[in-house]
Amino acid sequence: MESMTQAIKLYLVRHGEAEHNVLRVGSSLPEITDRHLTERGKEQVRSVAESLKGKSIAAIISSPLVRTRETAAIISETIGVPVDIDDRLHETTLGIFNEKPIQLFFDKYSKPEMRISPDEKDGVESYIDMRGRLERFLGDLAQHYPGQSVVIVSHGDPIEQLHGILNHEAPGVSSIGWYPAKGSCTEMIWTGE
């Protein structure tokens, strides 16, 4: 990616605690069961929304899943900016592990590097494929919001990989160490480099 003339301030928001987190169940597209925010998750998001007041936010862009749309709606109501949905911000595609105990997924993919090239028969999205959709998303962001502030509402893994892209880390490297907490907001400046 080439550098932009005007940097974009990004607020990377991970959805608040949701029902699937409490149940320890995988939840990705296709969204078989609506997994709503818990009361604790709503409180986490209200705190994030308050912190975004007065930040001159130009846009809120959200993943299409229920928990992220609910997170974005709370932020929107607080700061008065409408929500756009972008499918490229969706959760990791979990394939055969969708709606199953999430421990089954982690038992099979116990090391982050295993997710660079997952077993094809599992239907699990690789970090490489995720990076591709996120880089296309960032390319569009650069065209539409130069020099502005944008809230991105997504999930742990996509935010982890966005963070890695913005820090020039390889997919495997960015999957070790930093990981966003539920209902957290991470501010980053993106110059397009």
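The values are calculated or read from the model by the stated rules, or taken from the named source; none is laboratory data. The model shown is predicted, which means the values in this text are computed figures rather than measured ones. We place every Cβ from the backbone using ideal geometry, glycine too, and count neighbours over all the protein chains shown. All accessible areas refer to the heavy atoms of the entire protein, side chains included, with ligands and DNA or RNA removed. Shrake-Rupley method; radii C 1.70, N 1.55, O 1.52, S 1.80 Å.
Some values worked out for this structure:
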| quantity | calculated |
| --- | --- |
| For Asn21, net neighbour charge (Lys/Arg +1, Asp/Glu -1) across residues whose Cβ lies under 10 Å away | +3 |
| Value of relative contact order over the chain, rounded to a whole percent, pairs C-alpha under 8 Å and six or more apart | 39 percent |
| Segment Thr191-Asp87, length gained on full extension (0.36 nm per residue, minus Cα span) | 35.1 nm |
| Two-decimal log10 I(q)/I(0) for the chain, as the Debye equation yields it once each C-alpha is a single scatterer, q = 0.12, 0.17 Å⁻¹ | -0.55, -1.12 |
| Label-point separation, Trp178 to Asp140 (7 Å along Cα→Cβ), nm | 2.4 nm |
| Exposure of Leu37 as accessible area (Å², to 10), given a probe of 1.4 Å and all protein chains | 10 Å² |
| Cβ-Cβ FRET estimate between Ser51 and Lys121, R0 fixed at 41 Å, reported to 0.05 | 0.40 |
| Solvent-accessible heavy-atom area per residue, rounded to whole Å², over the chain at 1.4 Å | 46 Å² |
| For the range 136-193, the fraction of alpha-carbon pairs in successive 5 Å shells from zero, as % | 4, 16, 30, 26, 17, 7, 0 |
